[in-house]
Amino acid sequence: MHHTVTRKPARISEEEKAAAILACQQHVDGFLRPRFLPDIRSTEFNYPVDILGRWRGSTYTFFQRYRSGYPHNLGEEFDAPFARLDWTGPGRFDLMWHRHTGKWHRLHQGLSLLRAIATLKADGLLHPV
């Protein structure tokens, strides 16, 4: 008697990747920017200038881009991640939170793409600061 072992594909399909990127970009454009960065206010400290996302490998990372107002590095920009969507298998994603320690912590596991996007909106830990 043979048992069939089902394994997750090693890589996300191009179709599923494209759907995830589109859903995440809509989340950035339609939810994050209007609510958390309606306008840019320069300060003498570090201040947010954009909210972006980037796909890499099997993850989509959300981050805030900051610009420095400090005299010693005036105008320099850097990215601060705050949430991540991790593909774990066909139709399934985990949601990760970027802690102040610099480590990622899984908050939600095994969500469909639609549920993951809804949870990104609902869970305040997954919002930019």
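The values are calculated or read from the model by the stated rules, or taken from the named source; none is laboratory data. Everything numeric in this text was worked out from a predicted model, so none of it was measured. Please note: Cβ atoms are built from the backbone with ideal geometry, for glycine as well, and neighbour counts cover all protein chains shown. Note: areas computed on protein heavy atoms with side chains; ligands, DNA, RNA excluded. Shrake-Rupley method; radii C 1.70, N 1.55, O 1.52, S 1.80 Å.
One table, with the values for the structure above:
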| read-out | value |
| --- | --- |
| Residues that are open to solvent by 30 Å² or more (accessible area, probe 1.4 Å) and among the small types (Gly, Ala, Ser), drawn from the stretch 47-66 | GLY57, SER58 |
| Index of the failed condition, GLU44 passing every other in (1) exposed (fewer than 14 other Cβ atoms within 10 Å of the Cβ); (2) touching a strand residue (DSSP E or B) at 6+ places or on another chain (Cβ under 7 Å) | (2) |
| Some residue of the stretch 17-37 being surrounded by 11 or more Cβ atoms within 10 Å (Cβ to Cβ), among the basic types (Lys, Arg), without any contact (Cβ under 8 Å) to a residue 24 or more places away in the chain and assigned to a strand (DSSP E or B) | no |
| Count - residues of the stretch 58-112 that are among the hydrophobic types (A, V, I, L, M, F, W, C) and over 29 Å from ASP39 (Cα atoms) | 4 |
| Set ILE12, ILE40: member being assigned to a loop (DSSP other than H, G, I, E, B), β-branched (Val, Ile, Thr) and touching a residue at least 12 places away in the same chain (Cβ under 8 Å) | ILE12 |
| Within the stretch 117-129, considering residues that are in a helix (DSSP H, G or I) and not small (Gly, Ala, Ser), the one farthest from SER13 (Cα to Cα) | LEU125 |
